[in-house]
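Novice: Pasting a structure here, questions to come.
What follows is calculated from the coordinates using simple rules that are stated; it is not laboratory data. Note that the structure is a prediction, hence the values are computed from the model and not measured. So basically every Cβ, Gly included, is an ideal-geometry build from the backbone, and we count neighbours across all protein chains shown.
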Amino acid sequence: QCIKPNGDKIKAIVDLPTPKTLKEANEFLGKINWYRKFIPNFARIAAPLHKVTNKTKHHRHEFKWGPDQQQSFDEFKRLLTTYPLFLEYPDLSTPFVLTTDASNIGIGGILRQDTPNGTKINYFKSRMLDDTERKYDTIEQEALAIFWCISELRSYIGDSDFIIETDHKPLENFHKKQINNKRVMNWLFKLQDMLPQIIAVKHRPGAHNAAADYISRHFTPSTSTNINPSTTAITYDDWPIGTEHWDEQVPKPQRTQCTQPSILEHTCTAAANINAEINAVTTRAQSKLQAQPRSSSPNASPTSTTSQSTCSSPPITTSLHDFSLSRIRSEQAQDVLIQEIIQRIRNNRRYESFIIQHDILYKLVSRDDTTIKLVYAPSKLIPEILTAYHDHPLSGHFGTGRTWSMLRNIYYWPRMKDTVTSYIKSCDKCSQFNVDRRKPPGFLQPIKPPNEVFQVL
């Protein structure tokens, strides 16, 4: 089985005349945009069209349809009539292979599966680079292609294992080694929950990376619609389509009466235990700080202060944590509270604020008129999550507000904000360096009451 576009809608687009006004050009882009998941190198082909349609209301008179725009217009028609526009459904028992490439114009990638019956393309992704991204180094552009493709295909890959192929040799197995590039390491940190699923990052020479090269840089020069598709550089048999969003069918949670208070009871008890543990950590950390000797002399050497703080601080680690769905599933299976909630939900489906998918418990919350799923974090993972989002060298030791804003859209656990606040208060480095630098308030100097009228004070 596969997903295919509607033939009648394709015919309606192919029969469109050449746009003569800005409105007609925008209408064509709007109609063709839905098929971008079927068409390789969509962003690169559409670039000349965006160049003349990106006009404000006061600059509509600057619209000019030239040879480059006609070439893109004809190329879209040719692709819609010559390529087999369909996508194969994924086989979850087979690892994915993500092939990426970058150029000074755009980035792209192909998600496929190598099965005994042949290669099956699952998705085709590409986009243009903005002005800032075009100034990146080569390694940064290639890493951006990997980061962007994984981010866009995260819900499609799920918890399946996959292999990454790139034609940039320095990025080979870069997820297992230290790279002296802050931007690349930041992208790697954002993908740390998917790192355990990466089997390997392999180097694929450019001569054997024709498909990904086509996405990012190839553009057929001919404007004729009667081109033999066998002359193209693509060697795969099938073409991909867009992915399904994993939260499209999630119902909006409704407020219900608590007819069974046992879940609330256990939740509050678990929250109390978690916060008790965090409070214990806070107390120990504060005691440790108070026990440290501090120089009372205002002329103390900054070198000695630095050496003391360095010796008392724990060593910085760059190890990445495992927050993959497979580990969350296994940790939830060992969490007593979560298993009780799952069992009660399966026995009584009236709890609409939770959902179980692939044996993982999620919390449903409403944000900006949309419903999102938050992973119900097992109690064993909470200290690791807080460490990764606050103590890690790439996290920046942010305060309560920023750390909370990052976590609240990914995870959920009872009394989550109180736990985050208590944990940050227990941070040694934050207590040492995030001190109040304001001067203490001065003493009040009250004015004595006057002895007579109009007395000069």
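Novice: Tell me the label-point distance for the pair V336, V456, using the 7 Å Cα-to-Cβ offset, in nm and rounded to one decimal.
Specialist: So the label points at V336 and V456 sit 8.1 nm apart.
Novice: Kindly put D322, D167 in sequence by how many other C-beta atoms sit within 10 Å of each C-beta, fewest to most. If you can, show how the numbers build up before the last one.
Specialist: Values: D322 16, D167 19.
In increasing order of surrounding Cβ atoms, one gets D322, D167.
Novice: What residues have an amide H closer than 5 Å to that of L129, excluding those fewer than 5 places away on the same chain, when H is modeled at 1.01 Å from N in the peptide plane?
Specialist: Amide H neighbours of L129, under 5 Å, 5+ apart: G106, I107.
Novice: Starting from the Cα of T400, step 7 Å along the direction of its Cβ; do the same at E384; then give the gap between the two resulting points in nm.
Specialist: Label-label distance for T400 and E384, simple model: 2.7 nm.
Novice: Return the long-range amide H neighbours of G158 (sequence gap of 5 or more, or a different chain), with a cut-off of under 5 Å between placed amide H atoms.
Specialist: Those lying under 5 Å, H to H, from G158: there are none.
Novice: Which length gain, in nm to one decimal place, applies between N348 and D369 when the Cα-Cα distance is subtracted from 0.36 nm times their residue separation?
Specialist: Details: separation 21, 0.36 × 21 = 7.56 nm, distance 2.67 nm.
Extra length available between N348 and D369 comes to 4.9 nm.
Novice: Grab the beta carbon distance between E152 and S326, set R0 = 30 Å, and tell me the FRET efficiency rounded to 0.05. It would help to have the intermediate numbers written out before the result.
Specialist: On the way: r = 21 Å, r/R0 = 0.71.
The pair E152/S326 has a calculated efficiency of 0.90.
Novice: For R183 and E27, what is the calculated FRET efficiency with R₀ set at 30 Å and r taken between the beta-carbons, to the nearest 0.05?
Specialist: On the way: r = 38 Å, r/R0 = 1.28.
For R0 = 30 Å, the calculated efficiency reads 0.20.
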